[in-house]
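To start, the structure under review is shown below, and the notes come after it.
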Amino acid sequence: MLKLLRNKIQSLSEAQQNVLIGILVLINIGIVIFWISFFVSLPKPVSPKIKEKPPLAEEIPEPYKPGEIGETEETLKGEKRVIIPSPPGTPEIVLPLVIFNSSGQIKEIKEDGLVVAGDGSTFADLKPRDLTLIYISTTQTSSSTDKTKIGQGLEGLKYLKINRLIVFESPENIRGKIEFEVSYVKQL
């Protein structure tokens, strides 16, 4: 095939060969111009921008914000560690920023919850306070002495007795709060 093409080109006159070479050169120049314009018109790749790490003191969702009782401005910002006094020779205990459970002694049984004498373990100043536990429809109540007495919602209040020790859990952060909803109460 190439031999046939070479013979055809050699049979042309010199003027015809020059015209053919000119046409081939123009076609090659057109191809080069097309590819250059194609690459120039391509969008430039954008390098991803590295976002700065947000500060640690970001906005805390409402259920996880600590209350303000027993707190100072420094402890609310998380800048100061609250160290719970411990006996000499034992490691220091740091009060966490988020607390979901605690214990206390029942002082009063209301129609929609309890008043409990808290030991202060959920407060930065560690002072005992009365806590108001609000029952919701999903609150589970149980007794460690009688496993069959398990109630849900306000019905669980009838199984509790004044002056008994309870442990409780809340769906929200109870640190620094004296009134909050509870999801689980167990009478000991």
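Worth pointing out:
- Total residues in the stretch 112-137, condition under 14 Å from residue 179 (Cα atoms) and of a type in the set (Lys, Arg): 1
- Members of the stretch 156-177 that are part of a helix (DSSP H, G or I), over 13 Å from residue 134 (Cα atoms) and touching a residue at least 12 places away in the same chain (Cβ under 8 Å): 159
- Checked against (1) buried (at least 18 other Cβ atoms within 10 Å of the Cβ); (2) outside any strand (DSSP E or B); (3) at pLDDT 85 or above, residue 180 passes all but condition (2).
- Only a single item in (1) more than 25 Å from residue 69 (Cα to Cα); (2) in contact with a Pro (Cβ under 9 Å, 6 or more places away or on another chain) is not met by residue 136, and it is number (1).
Yes/no matrix, rows are residues, columns are (1) over 19 Å from residue 100 (Cα atoms); (2) over 30 Å from the mean Cα position of the chain (by Cα); (3) touching a residue at least 40 places away in the same chain (Cβ under 8 Å):
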{"site": "116", "(1), (2), (3)": "no, yes, yes"}
{"site": "130", "(1), (2), (3)": "no, yes, yes"}
{"site": "133", "(1), (2), (3)": "no, no, yes"}
{"site": "142", "(1), (2), (3)": "no, yes, yes"}
{"site": "146", "(1), (2), (3)": "yes, yes, no"}
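- Boolean, residue 162 is hydrophobic (A, V, I, L, M, F, W, C) and loosely packed, with under 14 Cβ neighbours inside 10 Å: yes
- Output for the stretch 95-145, where each listed residue is closer than 17 Å to residue 173 by Cα, hydroxyl-bearing (Ser, Thr, Tyr) and in a loop (DSSP other than H, G, I, E, B): 121, 122
- Residue in the stretch 87-100 that is modelled with pLDDT of 80 or more and of a type in the set (Ser, Thr, Tyr) present: no
The values are calculated or read from the model by the stated rules, or taken from the named source; none is laboratory data. In this text the structure is predicted, and so the values were computed from the model without any measurement. With ideal geometry, Cβ positions are generated from the backbone for all residues, glycine too; neighbour counts draw on all protein chains shown.
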